[in-house]
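**Q** Encoded as structure tokens, here's the structure I'll be asking about.
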Amino acid sequence: MPHLLGYSPAVLPRPRDWPANVHVTGYWWLDTPPTYEPSPELVRFLDAGDPPIGVGFSSQVGPYTAGVNATVIEAASRAGVRIVLIGGFGALPADGVPAHVCPVRTVPYDWLFPRLRGFAHQGGSGTVGSALRFGVPNVAVTFGYDQPLWGERLHALGVGPAPIELRRLTVDALAAAFRAMASQPELRVRAVEVARQIGQEDGIGEAVRLVVRSG
């Protein structure tokens, strides 16, 4: 039976020593319906200034939520950037949110990413692919699992700063990553080039072809 891996070989090349039944197909996208409508608060925030940086750690934050949120908000202030803070499985700050922060519980990535100048995330393979699909510079704050691998790949591809381990996450380190994504145009140039390569792939079509051929 074929083993199908739904990521792009432009992001992580297929090792030569893998067996022939292991295939890297390209990403499998599930796009948001065109009827999606964002919250009025988010639309107003996006319209009120320069494109922000998105920040979201999906299901990883758990007991770290309060500390991570405080670090993110202060880092954005020091870097002089606006951020969309996505709560995911963690709690959002309840009161006293500064004007440079727009907290949202959830928002479809394929809607949000074209409106961002950068994205900070946990380094999951799907989030990495989504950001790269839209040519967005991005950086991983890694909690564990396979996240350091994808974070290192982003840096090696030249599309974002070096990954930051959660235990080494500081305001200064994250502010530096925010500033890099906001002010280094070469990161955007490389991200757009990787997006072009990804756009030439048909991950779902290739996966279907391999499954049908195996049957």
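**Q** How many residues, within the range 50-70, are open to solvent by less than 30 Å² (accessible area, probe 1.4 Å) and either at positive phi or not in a helix (DSSP H, G or I) (or both)?
**A** So the answer is 7.
**Q** Moving to a separate point now. Pull up the range 116-133, narrow it to residues that are touching a Pro at 6+ places or on another chain (Cβ under 7 Å) and under 17 Å from Ala76 (Cα atoms), then point me to the one that is most open to solvent (accessible area, probe 1.4 Å).
**A** Applying the filter and picking the extreme gives Arg117.
**Q** Oh, and also: With respect to the numbered conditions (1) in contact with a Ser or Thr (Cβ under 9 Å, 6 or more places away or on another chain); (2) open to solvent by 50 Å² or more (accessible area, probe 1.4 Å); (3) part of a loop (DSSP other than H, G, I, E, B), which one is the sole condition not fulfilled by Val136?
**A** Result: Val136 passes all but (2).
Yes or no, residue by residue, for (1) under 13 Å from the mean Cα position of the chain (by Cα); (2) in a strand (DSSP E or B); (3) at pLDDT below 95:
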site	(1), (2), (3)
Val97	no, no, yes
Cys102	no, yes, no
Asp110	yes, no, no
Thr127	yes, no, no
Leu132	yes, no, no
Ala140	yes, yes, no
Glu152	no, no, no
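**Q** As an exercise: evaluate Ala162 against (1) touching a His at 6+ places or on another chain (Cβ under 9 Å); (2) not in a loop (DSSP other than H, G, I, E, B) and give the number of the one condition it does not meet.
**A** Single failed check for Ala162: (2).
**Q** Could you list, in sequence order, all residues of the range 52-71 that are within 13 Å of Val141 (Cβ to Cβ) and of a type in the set (A, V, I, L, M, F, W, C)?
**A** Result: Ile53, Val55, Phe57, Val61, Val68.
**Q** To continue, here is another question. If Gly90 passes every condition in (1) open to solvent by less than 10 Å² (accessible area, probe 1.4 Å); (2) of a type in the set (Gly, Ala, Ser); (3) under 12 Å from the mean Cα position of the chain (by Cα) but one, which one does it miss?
**A** (3)
**Q** I've got another one for you. For the range 56-74, check the following and say yes or no: at least one residue is more than 16 Å from Val128 (Cα to Cα) and in contact with an Asp or Glu (Cβ under 9 Å, 6 or more places away or on another chain).
**A** Checking the range 56-74: not a single residue is more than 16 Å from Val128 (Cα to Cα) and in contact with an Asp or Glu (Cβ under 9 Å, 6 or more places away or on another chain).
**Q** While we're looking at this one, here's another question. Looking only at the range 156-215, count how many residues are within 19 Å of the chain's Cα centre (by Cα), under 18 Å from Ala79 (Cα atoms) and among the hydrophobic types (A, V, I, L, M, F, W, C).
**A** 13
**Q** In addition: Just to be sure, is Gln147 open to solvent by 20 Å² or more (accessible area, probe 1.4 Å), modelled with pLDDT of 95 or more and not small (Gly, Ala, Ser)?
**A** Against the criterion (open to solvent by 20 Å² or more (accessible area, probe 1.4 Å), modelled with pLDDT of 95 or more and not small (Gly, Ala, Ser)), Gln147 does not qualify.
**Q** Now a separate question. From Asp31, Asp47, grab the single residue that is more than 26 Å from Gln200 (Cβ to Cβ) and open to solvent by 70 Å² or more (accessible area, probe 1.4 Å).
**A** So the residue among Asp31, Asp47 that is more than 26 Å from Gln200 (Cβ to Cβ) and open to solvent by 70 Å² or more (accessible area, probe 1.4 Å) is Asp47.
**Q** Can you find a residue that is within 24 Å of Glu201 (Cβ to Cβ) and aromatic (Phe, Trp, Tyr) anywhere in the range 83-100?
**A** no
**Q** Identify all residues within the range 10-22 that are under 20 Å from Leu132 (Cβ atoms) and either among the acidic types (Asp, Glu) or touching a residue at least 60 places away in the same chain (Cβ under 8 Å) (or both); write none if there are none.
**A** Ala10, Val11, Leu12, listed by residue number.
**Q** So is Ala182 of a type in the set (A, V, I, L, M, F, W, C), open to solvent by less than 10 Å² (accessible area, probe 1.4 Å), part of a helix (DSSP H, G or I) and modelled with pLDDT of 95 or more or not?
**A** It is false that Ala182 is of a type in the set (A, V, I, L, M, F, W, C), open to solvent by less than 10 Å² (accessible area, probe 1.4 Å), part of a helix (DSSP H, G or I) and modelled with pLDDT of 95 or more.
The values are calculated or read from the model by the stated rules, or taken from the named source; none is laboratory data. Only a predicted model underlies this, so the values are computations on that prediction, with no experimental measurement involved. When we count neighbours, we look across all protein chains shown, and the Cβ atoms used for this are built from the backbone with ideal geometry, even at glycine. When the accessible area is computed, the model is the full protein with side chains, heavy atoms only, and any ligands, DNA or RNA have been set aside. Shrake-Rupley method; radii C 1.70, N 1.55, O 1.52, S 1.80 Å.
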